[in-house]
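Asker: The following block contains the structure, expressed as structure tokens.
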Amino acid sequence: MKPNLPQSKKERYLTFFLGDEQYGIEIERIKEIIAMMKITGVPKIPKFMRGVINLRGSIIPVVDTRLRFAMESREADMHTAIIIVEVEKVNIGFIVDRVEEVASIDKASLSEPPKFGSYIDTDFISAVAQMGENVVMILDVIKLFEADEIIDLEQIQNSNTSDA
Amino acid sequence: MQINGDEVTIDLNMSMDEVINFEEFIRPRIEYIEKIEVEENSTLTSGALLSLLVSIKKTRPEIEIPFLEKMGSTSPVHGTLHWTYHD
Amino acid sequence: MTKQEELKAIFIEEAGEIVEKLDVDIIRFEENSNDLELLNEIFRGVHTLKGNSNAFGFTRLGEFVHHFEDLLDYYRSTKESIEENNLELFVESVDVVREVMRCELDSIEILPKSYAECLEKIKILLDIKKNRPKPVIEQKSEETLKDLAFEFALDTLDEQEDEQRDEVEKSIKFHQSIQTDGLNLYKIDLTLDSDSYKRGFDYFVFLKILGERTTHLESFFDMQNIQTLDEFKSDENSITKVTIVILTPFVYTEVEEVFEFLFDHEYSIALIAPLVVEQKTQAEVKSISSLSKTSETVESTASKTSTTSSNANMPKSTIRIDTFKVDELFDSVGELVIAQNFIAQSEKIRSIEDESINRTIETLSKITKKIQDRVMSLRMVAIKDTFEKMKRVVRDTSKKTGKEIHLIIQGEETEIDKTMIDNLSDPLIHIIRNAIDHGLESCGDERVSAGKDAEGVITLKAFHKSGNIVISVSDDGRGINKDRVLKKAIERGVVSENENLTDSQIFALIMQPGFSTAEVISDLSGRGVGLDVVKTSIEKLRGKIEIDSKEGQGTTFSIILPLTLAIIDGMLVQTADETYIIPTLSVVESFRPQREIVHIFKGKGEFVNLRGECIPIIRLSDVFDLNAKKIEAWDAILVCVETEAGRIAILVDELLGRQQVVIKTLGKSLSKLKEISGGAILGNGDIALILNVDELRPLGEISHV
């Protein structure tokens, strides 16, 4: 399991926007980025889960990231994308407003996340980076997956095989 | 007990009297006996015979006593036995 | 993995297969103990095990098979015919081999009791056959050293004492290793006086008495002080000491009792504390899968069926393939099928009116289907092996219950998905045991007076039927008394009094958990024990069990399974613009009801009267909270399905057709929804959710059971 702060000097992150807030995810965790597509609803799932998509034969659940971070949901537009994140061979898609870039961030620019004053549960933010004028919140996807019980670190074996 | 030239075959299952008889039989013939065999499917029932065989072996080590030389035996009645006798 | 680990993994796998084959062969051999070729096969298997087990440090297994091999070798070279109880020993030995292997692989210190017992018996038998007693622990051959010592007579006594002490220590350690709960380990030193014979005591007599109370007995005779013949006297005891190591359930005082008439100085008993080892629980021991699961492999054969028959005239050419690779291939083919479907159905492409394009698309379709079928068949194996295992079960249960049984097997060539076979064994065994134990009459006389042969008949059948595989176990015994079952079920509150149950529903009651714990119901004694577990196991495989019975004639249990776990035959339905799949296995019929037969009961919901039966109507839009404009039942389609709780009618907007689809799991986060058992990707790329009909309940929460 990766520690909260990255070990090497410069790490690369995929950054994206939800409203005015910018977030980043370690590039190793990103499986792919796709344009918004048809999502099949699944009854009785948590509000922040929109449903499932067909990604070349695999059924992948999709999270409405805005709802997940207690923001209001919004209509998709041409910039809306789905980021497929992979943790321990489990894939989840996250709907984001706009994908920005792959940024190299110096370890020195990373600092501890604030304890309050943020939209989302600060457990999910592993660090905050200063990129020029902007502040990028680095997401700890493992904690995110765990919280949603998407992965169970003791039973990592079970969450695979027939999926892909 | 059967005698075949210089070879004797005995039944391991002997009473005390039979052991004493065997002892008396062997004593005078100790120089002529080359081998002591035991009957198939016979098992020891007394320490006396075992001791006698050891004694015979010690008296004249050249006598072949295959049963004794195995240093042990197993039977459903007595379990597994081990013995040593070399001097 | 290091090379060594790789080799070890391969050994484990092969060893597992050898043991499986031994299992089958030994039963065949028991039936026909003159088959020398079969004996040779068995010998070869054990021989291979021996060679490899020691190489990998499985010394306990090695030790056992070494002697087992000797015994087999004896019989195959002398061609002597084997006595019945010795045949039993063979069968037992194969069991022990399997048990020991498990212990070795799971690094379990404590071997099962049967290991020592069986090994002992083998050695005894070998002794008798070869007339060459073999001590359990082989003493080091120090003949030369001893001769030299004899020459110099130097400290020989001490040396020998040490030596025998070592042997005793070794013996104690060994017994500690096989010691189980309830057994005590004692070391007894007997030092009988020289006049002991005259007092009526002999070491052997004590050994015999102890032998009656023990599972393992070993003694060490110290014969050093025996004189040569000139001084020797047979009737005087000259064996100075005998050390006895014994494993027995008896307590100290009971052991002491044996020697009560000896002088105190003539004996001493010491209780040896058991070795403290990490005890692995039964559950861990039972993970038999550890036998061969570093990488599970399946034998892929050139032809469709795989065979372990030792009578095969032509060796089939086979290769070993990782099941993982087959699964991946299967997945890729699934995607191929979907993509190909898309092209075939695409409007745009269809509108291109080109002869050659259309023909090619057709060809593509056909080839894809062929590839799919062939890849599917890679996963299919004949049920033969599982049935062979059942022969053993029948034999054992027959012996245990004392009932004569004739086993008929049909359709053993029928193929079934490999992944299902492993989970099928246990339920089958349970059903067969039940059939023999409770289905068949308790004695031949009862049968004969009923006009049947004294020998009971169990029929094991496998066959394909409408896209499923059916495995049935039939007995020609007493049958199930419907009325009794119903009465008991009502008494236990499993069903209510005025339920209208069909025969098969009544029989199915014996598989309810409430039923299994029922007390003895005379001729139904115990029937139903564990059947609820069987039912759950089969349902996990997405199958079902049907029971049919005629009193006085017999009972048939039918296990119906889908051909493969990965594909489901389903009926596509549409509600509120969403597509769902209802497994065809559960579908009874579908229809558009007439207005007259639809009834609404205040507070209870909608019902449809289908030929006298009142079936609750379930609207998917209600169950799933969908946004749907409400249509009346008579404007919609009702799909009547059979569920655990009885029949229900699912109300849908439209029927879209019937299709075989590949099942995809929804992932952990979504699989908590019990009404949905998975997802499937349709030809057009859309996702359809597969309904778990047993979990569908009408709003008013009405259920039969």
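The values are calculated or read from the model by the stated rules, or taken from the named source; none is laboratory data. These numbers come from a predicted model, not from an experiment. Positions of Cβ are backbone-derived with ideal geometry, glycine not excepted, and every protein chain shown enters the neighbour counts. Side chains are part of the model used for accessible areas, which takes the heavy atoms of the whole protein and leaves out ligands, DNA and RNA. Shrake-Rupley method; radii C 1.70, N 1.55, O 1.52, S 1.80 Å.
Asker: So which residues in region B:60-85 are over 13 Å from the mean Cα position of the chain (by Cα) and polar (S, T, N, Q)?
Answerer: Hits for region B:60-85 are B:Thr74, B:Ser75, B:Thr80, B:Thr84.
Asker: Also, I was wondering about something else. Looking only at residues that are acidic (Asp, Glu) and assigned to a helix (DSSP H, G or I) in region C:93-113, which one is least open to solvent (accessible area, probe 1.4 Å)?
Answerer: At the first step, the residues of region C:93-113 found to be acidic (Asp, Glu) are C:95, C:99, C:104, C:106, C:109.
In the following step, the residues that additionally are assigned to a helix (DSSP H, G or I) were identified as C:95, C:99, C:104.
Numbers: C:Asp95: 44, C:Glu99: 57, C:Glu104: 22 Å².
The selected residue is C:Glu104.
Asker: Any chance region C:601-609 includes a residue that's farther than 30 Å from C:Ser365 by Cβ, within 14 Å of another protein chain (Cβ to nearest Cβ), out of contact with any helix residue (DSSP H, G or I) (no Cβ under 6 Å at 6 or more places or on another chain) and buried (at least 19 other Cβ atoms within 10 Å of the Cβ)? Don't jump to the end; show me each part of the working.
Answerer: Filtering region C:601-609 for residues farther than 30 Å from C:Ser365 by Cβ gives C:601-609.
Remaining after also requiring within 14 Å of another protein chain (Cβ to nearest Cβ): none.
No - not one qualifying residue is present in region C:601-609.
Asker: Being under 45 Å from the mean Cα position of the chain (by Cα) and assigned to a loop (DSSP other than H, G, I, E, B) is the filter here, so list the residues in region C:584-612 that pass it.
Answerer: C:Arg611, C:Gly612
Asker: Next up: Of all the helices (runs of 4 or more DSSP H) wholly in chain B, which have at least 1 residues that are at the interface with chain C (Cβ under 7 Å from one of its Cβ atoms) and open to solvent by less than 50 Å² (accessible area, probe 1.4 Å)? Explain how you work it out, then say what you get.
Answerer: Details: elements: B:16-29, B:47-59, B:66-69.
Here the list reads B:16-29, B:47-59.
Asker: Further question on the same structure: Is it fair to say C:Phe90 is within 22 Å of C:Ala116 (Cα to Cα) and crowded, with 18+ Cβ neighbours inside 10 Å?
Answerer: On the way: within 22 Å of C:Ala116 (Cα to Cα): yes; crowded, with 18+ Cβ neighbours inside 10 Å: yes.
In short, yes.
Asker: Just to confirm my filter: which strands (runs of 3 or more DSSP E) fall fully inside region C:395-512 and include at least 1 residues that are open to solvent by 20 Å² or more (accessible area, probe 1.4 Å), without any contact (Cβ under 8 Å) to a residue 60 or more places away in the chain and not assigned by TED's automatic domain parsing to the domain that holds C:Val587?
Answerer: Details: elements: C:405-410, C:415-417, C:456-465, C:468-475.
Per the criteria, C:405-410, C:456-465.
Asker: Are there any strands (runs of 3 or more DSSP E) wholly within region C:290-394 with 1 or more residues that are loosely packed, with under 13 Cβ neighbours inside 10 Å and modelled with pLDDT under 85, and if so which?
Answerer: Numbers: elements: C:297-301, C:318-322, C:380-382.
Where strands (runs of 3 or more DSSP E) fall fully within region C:290-394 and carry at least 1 residues being loosely packed, with under 13 Cβ neighbours inside 10 Å and modelled with pLDDT under 85, they are C:318-322.
Asker: Follow-up question, since we're still on this one. Within the group C:Ile367, C:Ile409, which residue is out of contact with any Lys or Arg (no Cβ under 6 Å at 6 or more places or on another chain) and farther than 29 Å from C:Glu31 by Cα? Write out each step before concluding.
Answerer: Working: C:Ile409 fails: farther than 29 Å from C:Glu31 by Cα.
One residue alone meets the criteria, C:Ile367.
Asker: I'd like the full set of residues that are of a type outside the set (A, V, I, L, M, F, W, C) and either outside the structural domain of C:Phe11 (by TED's automatic domain parsing) or without any contact (Cβ under 8 Å) to a residue 40 or more places away in the chain (or both), limited to region C:57-77. Break it down into steps so the answer makes sense when it comes.
Answerer: Within region C:57-77, the subset of a type outside the set (A, V, I, L, M, F, W, C) is C:57, C:59-60, C:62-63, C:66-67, C:69-70, C:73-77.
Within region C:57-77, C:Gly57, C:Thr59, C:Gly62, C:His66, C:Glu69, C:Asp73, C:Tyr75, C:Ser77 qualify.
Asker: Kindly indicate whether C:Asp625 is modelled with pLDDT of 85 or more and within 29 Å of C:Val661 (Cβ to Cβ).
Answerer: Values: modelled with pLDDT of 85 or more: no; within 29 Å of C:Val661 (Cβ to Cβ): yes.
Spelling it out, it is not the case that C:Asp625 is modelled with pLDDT of 85 or more and within 29 Å of C:Val661 (Cβ to Cβ).
Asker: A follow-up question, please. Please verify whether region C:56-70 includes one or more residues that are farther than 24 Å from C:Lys121 by Cβ, assigned to a loop (DSSP other than H, G, I, E, B) and out of contact with any Gly (no Cβ under 6 Å at 6 or more places or on another chain).
Answerer: Step one: filter region C:56-70 for residues farther than 24 Å from C:Lys121 by Cβ, giving C:56-57.
Checking which are assigned to a loop (DSSP other than H, G, I, E, B) leaves us with C:56-57.
Now drop any that are not out of contact with any Gly (no Cβ under 6 Å at 6 or more places or on another chain), which leaves C:56-57.
The answer is yes; a qualifying residue exists.
Asker: While we're here: Which residue is surrounded by the fewest Cβ atoms within 10 Å (Cβ to Cβ), if the candidates are limited to region C:674-692 and must be free of Cβ contacts under 8 Å to residues at least 60 places away in the same chain and outside any strand (DSSP E or B)?
Answerer: Filtering region C:674-692 for residues that are free of Cβ contacts under 8 Å to residues at least 60 places away in the same chain and outside any strand (DSSP E or B), the one surrounded by the fewest Cβ atoms within 10 Å (Cβ to Cβ) comes out as C:Lys674.
Asker: Has region A:43-66 got any residue that is open to solvent by 10 Å² or more (accessible area, probe 1.4 Å) and under 23 Å from A:Asn134 (Cα atoms)?
Answerer: There is at least one residue in region A:43-66 that is open to solvent by 10 Å² or more (accessible area, probe 1.4 Å) and under 23 Å from A:Asn134 (Cα atoms).
Asker: Pairs under 9 Å by beta carbon, first residue under 11 Å from C:Trp634 (Cβ atoms) in region C:590-613, partner of a type outside the set (A, V, I, L, M, F, W, C) and assigned to a helix (DSSP H, G or I), six or more apart or different chains?
Answerer: Every condition considered, the pairs that remain are C:Arg592/C:Asp635.
Asker: Restricting to region C:618-647, give me the number of residues that are more than 14 Å from chain A (Cβ to nearest Cβ) and open to solvent by 10 Å² or more (accessible area, probe 1.4 Å). Before the answer, list the steps.
Answerer: Pass one, region C:618-647, residues more than 14 Å from chain A (Cβ to nearest Cβ): C:629-647.
Filter once more, so that each one left must be open to solvent by 10 Å² or more (accessible area, probe 1.4 Å): C:629-632, C:634-635, C:637, C:642-645, C:647.
The qualifying residues number 12.
Asker: Answer yes or no: is there a residue in region A:69-86 that is surrounded by fewer than 21 Cβ atoms within 10 Å (Cβ to Cβ) and either under 24 Å from C:Glu675 (Cβ atoms) or within 14 Å of chain C (Cβ to nearest Cβ) (or both).
Answerer: yes
Asker: What do you reckon, is A:Ser111 closer than 16 Å to A:Ile125 by Cβ and loosely packed, with under 14 Cβ neighbours inside 10 Å?
Answerer: Details: closer than 16 Å to A:Ile125 by Cβ: yes; loosely packed, with under 14 Cβ neighbours inside 10 Å: yes.
Criteria met by A:Ser111.
Asker: Here is a follow-up. Yes or no: region C:555-563 includes at least one residue that is touching a strand residue (DSSP E or B) at 6+ places or on another chain (Cβ under 8 Å), open to solvent by less than 40 Å² (accessible area, probe 1.4 Å) and modelled with pLDDT under 85.
Answerer: So far as region C:555-563 goes, yes, one or more of its residues are touching a strand residue (DSSP E or B) at 6+ places or on another chain (Cβ under 8 Å), open to solvent by less than 40 Å² (accessible area, probe 1.4 Å) and modelled with pLDDT under 85.
Asker: Out of region C:578-600, which residues are among the charged types (D, E, K, R) and more than 14 Å from every other protein chain (Cβ to nearest Cβ)? Even if it seems obvious, please write down each step before you answer.
Answerer: The first filter runs over region C:578-600 and keeps only residues among the charged types (D, E, K, R), leaving C:578, C:589, C:592, C:595-596.
Residues satisfying the conditions are C:Glu589, C:Arg592, C:Arg595, C:Glu596.
Asker: Can you tell me which residue in region C:212-242 is farthest from the other protein chains (Cβ to nearest Cβ), limited to those that are open to solvent by less than 40 Å² (accessible area, probe 1.4 Å) and touching a Lys or Arg at 6+ places or on another chain (Cβ under 7 Å)? Reasoning before the result, please.
Answerer: To start, the set of residues in region C:212-242 that are open to solvent by less than 40 Å² (accessible area, probe 1.4 Å) comprises C:214, C:216-224, C:226, C:229, C:232, C:234, C:237-239, C:242.
With touching a Lys or Arg at 6+ places or on another chain (Cβ under 7 Å) added as a condition, the list becomes C:222, C:226, C:229.
Numbers: C:Asp222: 7, C:Ile226: 5, C:Leu229: 4 Å.
The selected residue is C:Asp222.
Asker: Taking the conditions exactly as written (assigned by TED's automatic domain parsing to the domain that holds C:Asn684 and either open to solvent by less than 20 Å² (accessible area, probe 1.4 Å) or assigned to a helix (DSSP H, G or I) (or both)), does C:Ile581 satisfy them or not? Even if it seems obvious, please write down each step before you answer.
Answerer: Details: assigned by TED's automatic domain parsing to the domain that holds C:Asn684: yes; either open to solvent by less than 20 Å² (accessible area, probe 1.4 Å) or assigned to a helix (DSSP H, G or I) (or both): yes.
It is true that C:Ile581 is assigned by TED's automatic domain parsing to the domain that holds C:Asn684 and either open to solvent by less than 20 Å² (accessible area, probe 1.4 Å) or assigned to a helix (DSSP H, G or I) (or both).
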